[in-house]
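Colleague: Shown below is the structure under consideration.
The values are calculated or read from the model by the stated rules, or taken from the named source; none is laboratory data. Bear in mind that the values here come from a model prediction, so they are computed numbers and not experimental data. Quick reminder, even Gly has a Cβ in these numbers, built from the backbone with ideal geometry, and neighbours come from all protein chains shown.
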Amino acid sequence: MTEEDKLLEEITAKEYEHGFVTDIEMEVIPKGLSEDTVRFISAKKNEPEWMLEFRLKAYHAWLEMEMPEWAHLKIPEIDFQDISYYAAPKSQPKYDSIDEVDPELLRTFDRLGIPLEEQKRLAGVAVDAVFDSVSVMTTFNETLDELGIIFCSISEAVKNHPDLVKRYLGSVVPTRDNYFAALNSAVFSDGSFVYIPPGVRSPVELSTYFRINTKGLGQFERTLIIADEGSYVSYLEGCTAPMRDENQLHAAVVEIAVHEKGEVKYSTVQNWYPGDKEGKGGIYNFVTKRGICLGDYAKLSWTQVETGSAITWKYPSTILKGDHSVGEFYSVALTNNMQQADTGTKMTHLGKNTRSTIISKGISAGKSHNTYRGLVHVSKHATGSRNFSQCDSLLLTDRCGAHTFPYIDVANSSTIVEHEATTSKIADDQIFYLKQRGLDEEKAISLIVNGYAKEVLQQLPMEFAAEARKLLEISLEGSVG
Amino acid sequence: MSKQAILEIKDLHASVEGKEILKGINLTIPYGELHAIMGPNGAGKSTLGSVIAGKEEFEVTRGEVIFKGKDILEMEPEERALEGVFMSFQNPVEIPGVSMPNFLRTIINAHREHRGDEPIPPAEFLKKMKEKSAFLGIEQMVRGRSVNEGFSGGEKKKNEMLQMMLLEPEFVILDELDSGLDIDAIRKVAEAVNNMRDSGNAFLAITHYQRLLDYIVPDVIHILVDGKIVKSGDKNLALELEKEGYEMMMG
């Protein structure tokens, strides 16, 4: 795409456009969680014994754990027995070719703007689509295959690449890490698996779309990405759900391991249904995302655009173990109406000369609450390490809240840690200027917000950036007045 | 028979925070004319411009502003803009992160949408933007910067002219167009204004100094003192004013 094309990307405003329900025959297990549920899921997926053991261990750990309450969130009590833990389209869930996929399912992904057919492959993106609990289609990509890149559902990886899964699953996010990670480890149904062999740069972007469709279902996906020495991959994740009056639980775990000189760029556009204006319905999003730079000069970059969910509890983090390894976190979190978000990152500097950058842009509208929570930890061995953090908050109304909790924990005197924070309101002068040029208030605010978030948006791959901008605009609708 | 008026202001009173700034303005501007408002600091010149454009902090307590036959005082600023009122700001604000091309295309399309036209084709837009910004000598700024960010005073004013040229409004308020400009920049922005003047539009130039009017020759000059127009006349009034000072007018 030329620079001029970039300048001319279209943005148009719409309502939450992913709020439809797909009418498709589903197999849903009864609500409730017990050891039997865990065994059922494992059996349903024909898992080997070691996988079942992993799940059961996690389940028993979870039973002894308690819901975390430290976040700046008002979380209504969640009845874990009132959730169904597995739902899959009734027809054969995994397809060898596009012709076998239920047309209704294809239409769903089409409406979401995710054509699974050939053109997506030509567009240079390989897609894994997770519908409720199962991966329905991973676009097959010969190029990936030739390079030895593995991109498949985690269920397939358990069957076909057990050694890799055994070695890495739970190695970055241990099953006992936290309440939701333990729950996920027990009942995760599907998700994506990526392995990039040494020295290979993935020529295409790998992308997963998560869709919750079934009522009363909890979605627990698991993603595992391994970048071997000197490899590179850019991975994208998108999420949507129908509009429903009830709340639905989403508790995912993402683990990323980056070896020496490897690089992973992980981008998320999170657009789970946020609930209505009064705060009815919406997804509870409790997600554990963590990566580790295992080797020297490894790099992990997180970029997230968070506009959805009634409640967001999410801290994509990086452990900088290898010397000279680099961690980045770029985030735009927009909350409107009654949404609550508590999000940020954790950068743990263990290796020497490790560097991390945190750019967080919070935008609060309506009566929402938006919290940045970050921890920069530098161990005593991490000589010569540096961190730069910038946390900006933008308030659009006087009924919303922005909160910043930056924790810094440094045990090495040669470290440089910089922190900048600003809180601002959009200036009336800016709005008047844009109105004088013919833009209404919503358009004016949307333009200003997009400008404010630019530093983060420009980290996203092109196609995703356009989507993210559109999403910000949609999410701001009704935020004024 | 007198020419048809594009703007008629009748007995306009306006206050800010309870303090009356405009105390009964009467002003008629016909199509094809450029009127200048001159006056000492604090006379209400910029307030008049802001009230016409619809800035909310000013409260109109009495009077009418009729634009193309319609009272626009109840209209939102953006509706007035879409109807053809354009204001060149004295201090244009910066909008960080919003690229100039994105901004320009967005405002052009807002106007096109209002007229029921399709969005401007990308190639046509780029050609126009290039051409007009090259004329003003700000081609580089326009390509690489955010709106007004890092622009010098002169570049900001040229950017206002660029928007004017792209939007082709029917009525233009020039608020202190020459403030902070060197002579070359004044010539350039004046050229932009003079090129646009025709029988289908009109201008209101607000200025403290006579200097601008050497380059943008007005049809009528009004002297505004303490919220009222105390004298109107042709371009020679400016020279008179230059000699005598505002004190004379106030006496």
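This table checks each residue for (1) closer than 19 Å to A:Trp302 by Cα; (2) not hydroxyl-bearing (Ser, Thr, Tyr).
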position	(1), (2)
A:Leu350	yes, yes
A:Gly362	yes, yes
A:His377	yes, yes
A:Ser389	yes, no
A:Thr404	no, no
A:Ser424	no, no
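Colleague: Tell me which residues, restricted to segment A:396-413, are crowded, with 19+ Cβ neighbours inside 10 Å and either farther than 18 Å from A:Ile359 by Cβ or modelled with pLDDT of 95 or more (or both).
Modeller: Within segment A:396-413, the first condition is being crowded, with 19+ Cβ neighbours inside 10 Å, and the residues that meet it are A:396, A:400, A:402, A:404.
Correct list: A:Leu396, A:Cys400.
Colleague: Would you please name the residue that is farthest from the chain's Cα centre (by Cα), looking only at residues in segment B:194-215 that are at pLDDT 95 or above and crowded, with 22+ Cβ neighbours inside 10 Å?
Modeller: Taking the candidates together, the pick is B:Ala202.
Colleague: For B:Ser179, work out the one condition from (1) at pLDDT 90 or above; (2) outside any strand (DSSP E or B); (3) among the small types (Gly, Ala, Ser) it doesn't fulfil.
Modeller: For B:Ser179, the exception is condition (1).
Colleague: Would you mind telling me which numbered condition in (1) among the polar types (S, T, N, Q); (2) within 24 Å of A:Thr335 (Cα to Cα); (3) within 14 Å of another protein chain (Cβ to nearest Cβ) A:Ser393 fails?
Modeller: Just one mismatch for A:Ser393, condition (3).
Colleague: Another one. Taking the condition of being within 7 Å of chain A (Cβ to nearest Cβ) and charged (D, E, K, R), how many residues in segment B:77-125 meet it?
Modeller: 2
Colleague: Sort through B:Leu136, B:Leu162, B:Leu82 and tell me the only one that's touching a Ser or Thr at 6+ places or on another chain (Cβ under 7 Å) and modelled with pLDDT of 95 or more. Walk me through it before giving the result.
Modeller: Values: B:Leu136 fails: touching a Ser or Thr at 6+ places or on another chain (Cβ under 7 Å); B:Leu82 fails: touching a Ser or Thr at 6+ places or on another chain (Cβ under 7 Å).
Step by step, each of B:Leu136, B:Leu162, B:Leu82 is checked, and only B:Leu162 is touching a Ser or Thr at 6+ places or on another chain (Cβ under 7 Å) and modelled with pLDDT of 95 or more.
Colleague: Considering only residues that are buried (at least 23 other Cβ atoms within 10 Å of the Cβ) and small (Gly, Ala, Ser), look in segment A:461-481 and name the one that is nearest to the other protein chains (Cβ to nearest Cβ).
Modeller: Only one residue fits best here, namely A:Ala468.
Colleague: Further question: Here are some residues: B:Leu48, B:Leu73. Which one is in a loop (DSSP other than H, G, I, E, B) and more than 9 Å from chain A (Cβ to nearest Cβ)?
Modeller: Selected residue: B:Leu73, the only one of B:Leu48, B:Leu73 that is in a loop (DSSP other than H, G, I, E, B) and more than 9 Å from chain A (Cβ to nearest Cβ).
Colleague: Could you grab me the full set of residues in segment B:137-158 that are more than 10 Å from chain A (Cβ to nearest Cβ) and in contact with a Pro (Cβ under 9 Å, 6 or more places away or on another chain)?
Modeller: Residues satisfying the conditions are B:Val142, B:Phe151, B:Lys156, B:Lys157.
Colleague: Can you name the strands (runs of 3 or more DSSP E) wholly within segment A:122-236 that have at least 2 residues being out of contact with any His (no Cβ under 8 Å at 6 or more places or on another chain) and modelled with pLDDT of 80 or more?
Modeller: Working: elements: A:125-131, A:134-138, A:150-153, A:192-196, A:205-211, A:222-227.
It comes to A:150-153, A:192-196, A:205-211, A:222-227.
Colleague: Evaluate the following for B:Ala53: is it out of contact with any strand residue (DSSP E or B) (no Cβ under 6 Å at 6 or more places or on another chain), under 30 Å from B:Gly150 (Cα atoms) and within 10 Å of chain A (Cβ to nearest Cβ)?
Modeller: Here the answer is no, as B:Ala53 does not meet what is asked.
Colleague: Kindly evaluate B:Glu64 against the criterion of being part of a strand (DSSP E or B), surrounded by fewer than 18 Cβ atoms within 10 Å (Cβ to Cβ) and either in contact with a helix residue (DSSP H, G or I) (Cβ under 7 Å, 6 or more places away or on another chain) or touching a residue at least 60 places away in the same chain (Cβ under 8 Å) (or both). Show your work before the answer.
Modeller: Working: part of a strand (DSSP E or B): yes; surrounded by fewer than 18 Cβ atoms within 10 Å (Cβ to Cβ): yes; either in contact with a helix residue (DSSP H, G or I) (Cβ under 7 Å, 6 or more places away or on another chain) or touching a residue at least 60 places away in the same chain (Cβ under 8 Å) (or both): no.
The answer is no for B:Glu64.
Colleague: If you scan segment A:424-460, which residues turn out to be within 7 Å of another protein chain (Cβ to nearest Cβ), buried (at least 20 other Cβ atoms within 10 Å of the Cβ) and closer than 13 Å to B:Gly54 by Cα?
Modeller: Of everything in segment A:424-460, those that are within 7 Å of another protein chain (Cβ to nearest Cβ), buried (at least 20 other Cβ atoms within 10 Å of the Cβ) and closer than 13 Å to B:Gly54 by Cα turn out to be A:Phe432, A:Tyr433, A:Lys435, A:Gln436, A:Arg437, A:Gly438.
Colleague: Considering segment A:168-188 alone, what residues qualify as being buried (at least 23 other Cβ atoms within 10 Å of the Cβ) and within 18 Å of A:Ile78 (Cβ to Cβ)?
Modeller: Those that are buried (at least 23 other Cβ atoms within 10 Å of the Cβ) and within 18 Å of A:Ile78 (Cβ to Cβ): A:Phe180, A:Ala181, A:Ala182, A:Leu183, A:Asn184, A:Ser185, A:Ala186, A:Val187, A:Phe188.
Colleague: Just to check your reading of the model, which residue among B:Met129, B:Met161, B:Met165 is aliphatic (A, V, I, L, M), within 29 Å of B:Leu34 (Cα to Cα) and within 11 Å of chain A (Cβ to nearest Cβ)?
Modeller: Numbers: B:Met161 fails: within 11 Å of chain A (Cβ to nearest Cβ); B:Met165 fails: within 11 Å of chain A (Cβ to nearest Cβ).
None of the other options fit; the residue is B:Met129.
Colleague: Regarding B:Ala190, is this residue surrounded by 19 or more Cβ atoms within 10 Å (Cβ to Cβ), away from every other protein chain (no Cβ under 14 Å) and touching a residue at least 60 places away in the same chain (Cβ under 8 Å)? Write out each step before concluding.
Modeller: Numbers: surrounded by 19 or more Cβ atoms within 10 Å (Cβ to Cβ): yes; away from every other protein chain (no Cβ under 14 Å): yes; touching a residue at least 60 places away in the same chain (Cβ under 8 Å): no.
Against the criterion (surrounded by 19 or more Cβ atoms within 10 Å (Cβ to Cβ), away from every other protein chain (no Cβ under 14 Å) and touching a residue at least 60 places away in the same chain (Cβ under 8 Å)), B:Ala190 does not qualify.
Colleague: Filter segment A:27-80 down to the residues that are aromatic (Phe, Trp, Tyr) and part of a helix (DSSP H, G or I), then identify the one that is farthest from A:Leu164 (Cα to Cα).
Modeller: Looking only at segment A:27-80, we keep the residues that are aromatic (Phe, Trp, Tyr), and these are A:40, A:50, A:54, A:59, A:62, A:70, A:80.
Subset that is part of a helix (DSSP H, G or I): A:40, A:50, A:54, A:59, A:62, A:80.
On the way: A:Phe40: 24, A:Trp50: 13, A:Phe54: 15, A:Tyr59: 22, A:Trp62: 25, A:Phe80: 31 Å.
Looking at the filtered set, the residue picked out is A:Phe80.
Colleague: While we're here: Identify all residues within segment B:69-89 that are of a type in the set (D, E, K, R) and surrounded by 16 or more Cβ atoms within 10 Å (Cβ to Cβ); write none if there are none. Talk me through it step by step, then tell me what you get.
Modeller: If we filter segment B:69-89 for residues that are of a type in the set (D, E, K, R), which is where we start, we get B:70-71, B:74, B:76, B:78-80, B:83.
Answer for segment B:69-89, where residues must be of a type in the set (D, E, K, R) and surrounded by 16 or more Cβ atoms within 10 Å (Cβ to Cβ): B:Glu78, B:Glu79, B:Arg80, B:Glu83.
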